[in-house]
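A.B. asks: Pasting a structure here, questions to come.
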Amino acid sequence: MHQLIEFWRIIRPFWRESPKRKSAVALLLFVVGLSLSTVWFSVKLNDWNGRFFDAIQKLDGQAVYPLLWEFILIVSAFVVVLVYSDWLKKKLIIDWRTWMTEDLCKRWLSEDGRQYRLQLENAQPDNPDQRIAEDINILISESLDLLISFLRSLLTIFSFAAILWSLSGSISLEKIGLPIDVPGYMLWACILYTLIATGITHWIGKPLMKLNFSQQKREADFRAELVAQIHNAEAVAGAHGERNERARLMGLFDRVATNWRALMDKNRNLSFFTVAFGQVTQLVPIFLALPKFLSGAIMLGGLMQIRIAFQQVASAIGWFIYAYRDIARWSATVDRLTGFEKALNVRLQEAAADIEEETVPANLEAELTLTLPDGAPLLQNVRLGLKAGTLTVIRGASGIGKSCLLRALAGFWPHYEGRIWRTQDKPVWIPQRLWLPTVSLRAILAYPQAPSSVGDQECLQAIRDVGLAKLESLLSEDQPCAWMRMLSGGEQQRLLIARILVTKPKILLLDETTSALDKENTLLMLRLIKTHLPESAVLFVSHQSVVHDAADKLIDIKA
């Protein structure tokens, strides 16, 4: 019940808030209606079996051939219904998945940088990429399959229970010492038989839910490390660390394999029972109805109808047996998405609580004392005043807290006392670890605005100014490029400077952004920033003496 509540909490926004909710409801009802109509086809086929085998037993050729044409019509319509119900279900899946993916991405990659702040506060859920890319798809697909199969089972019970009741008649229990007749005995035998089997299934398969959850997590951890190897191939090769990385990857894969073996064993045990149950269910109704058939109370067609009706009722009541693996996988997915949702909804310490947007003499002013998350002191009584058209440079020993200061000024580091005043312009912060998305050159230069927001001439001038004229031919192309692999570290930094020249942020926070450049190129980048951004306030953290010499204001930070 807890998982059903969490499931409804996760999907409720789509069915209540989505612009497509009305069409989605109509589509769901149509899909369910088509899927449930298959029960009617099963009833018709059951009736056809009775008439066909009776005709066979009577050697009635005149009745057999019309029945064959009737079978062709029923099956043809059945096929059309099955194909379209599946097609429409897939349409609903992609519409639903699109909305949920957009919603979770919007909340994870939120305007307040939640995905980064979750990392800073060690509240990041494991493998958010898998939650969005895989778990949403599993949740929606499995939920629709389970809902449709469950409703079909309910309708099947009501449709075939009446048939089984009327065909089986009553049975006397005098032979076992009970002077009573049991009406519809085949139905009661079917219910008892299936309920016992359901209890055994749950007892055998209960560990599957926990194992499925663990398997998904371990697979995701292993996949994330494989991706990390691709991104850091140069560093691994440079350190000749391939043997270490192989050993670490195989250690992670051993965890995958260990859980998989446990999952295999539990699935094997469950399969022994469910496969046996399916096979035995084909014979049980024959044995139960055989006395009536041998006595002449029912004909061959009736026996076939009883067999089919018993199997349909047993399968419907035993829905839990056949759906157990799917339920286990669905439950694990609900648990994973619930954890991800809770992480997105957790209340983070607001870094922007003490940031005031107002008209101030400088673009940004601050009086801060920074601490670590555990309260340990970091930087004491830092005073800053960043004015338009000035380059302010901060220098200090490594690890003293300069990057944390930039995080606080950017609005992401909540562990400080004091105040920050700034204009309404949000600071653009470029951290030490650079990132260039795999997009077109124009999109890189306009980022995070739309590529259409920048003109050809200003883009061409920017890349020429920073010494990347070799990229000019790519400006007219919309083809995404893997910039992090194509360009050297220094070229990546120069491309970022080109972006700054194009977008012209009013407040710019740079953290070692020219560390990969030589003295001449560093001076060139600083001159370009000063020349092209006369209305911008620039704060630069750097260990390069050439940057210190070029500063309009130099601030020394000591522990």
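The values are calculated or read from the model by the stated rules, or taken from the named source; none is laboratory data. Predicted, not measured: the structure shown is a model, and the values here were computed from it. Using ideal geometry, Cβ is built from the backbone for each residue, glycine included, and neighbour counts are taken over all protein chains shown. We work out accessible area using only protein heavy atoms, side chains counted, and drop any ligands, DNA or RNA first. Shrake-Rupley method; radii C 1.70, N 1.55, O 1.52, S 1.80 Å.
A.B. asks: Hey, can you rank 17-29, 483-495, 185-197 by average C-beta count inside 10 Å, highest first? Kindly include the intermediate steps, with their values, before the conclusion.
C.D. replies: Working: 17-29: 13.3, 483-495: 16.9, 185-197: 18.5.
Taking the mean over residues of other Cβ atoms within 10 Å, the ranking is 185-197, 483-495, 17-29.
A.B. asks: Another question about this same structure. Filter Lys89/Lys210; Lys106/Lys426; Lys91/Lys342; Lys217/Lys342 down to the pairs with a C-alpha to C-alpha distance above 27 Å, please.
C.D. replies: Details: Lys89/Lys210 29 Å; Lys106/Lys426 19 Å; Lys91/Lys342 29 Å; Lys217/Lys342 17 Å.
The answer is Lys89/Lys210; Lys91/Lys342.
A.B. asks: If we sort 205-214, 473-482 on the protection proxy, mean other Cβ atoms within 10 Å, highest first, what's the order? Display every interim value, and only then the final one.
C.D. replies: Values: 205-214: 18.8, 473-482: 12.2.
Peptide ranking by packing, descending: 205-214, 473-482.
A.B. asks: How many percent of the accessible area of the chain is carbon or sulfur, using a 1.4 Å probe? Before the final figure, lay out each step's value.
C.D. replies: Details: 17460 of 29300 Å².
With neighbouring chains kept in place, the figure for the chain is 60 percent.
A.B. asks: Same structure again: Given the peptides 331-343, 413-425, arrange them by the average over their residues of other C-beta atoms within 10 Å, most packed first.
C.D. replies: On the way: 331-343: 20.4, 413-425: 17.2.
Answer by packing, highest mean first, reads 331-343, 413-425.
A.B. asks: Against the longest alpha carbon principal axis of the chain, how many degrees, from 0 to 90 and to the nearest 10, is the axis of helix 136-168 turned?
C.D. replies: Roughly 10 degrees, rounded to the nearest 10.
A.B. asks: Can you give the net charge of the other residues whose Cβ lies under 15 Å from the Cβ of Ser545, counting K and R as +1 and D and E as -1? All intermediate terms of the calculation are to be shown ahead of the outcome.
C.D. replies: Details: positive: Arg395, Lys519; negative: Glu512, Asp518, Glu520, Asp549, Asp556.
Taking every Cβ under 15 Å from that of Ser545, the sum is -3.
A.B. asks: Select one label from (1) 49; (2) 58; (3) 40: the one whose number is percent of Cα pairs over 35 Å apart as derived from the coordinates shown.
C.D. replies: Structure-derived value, by its label: (2).
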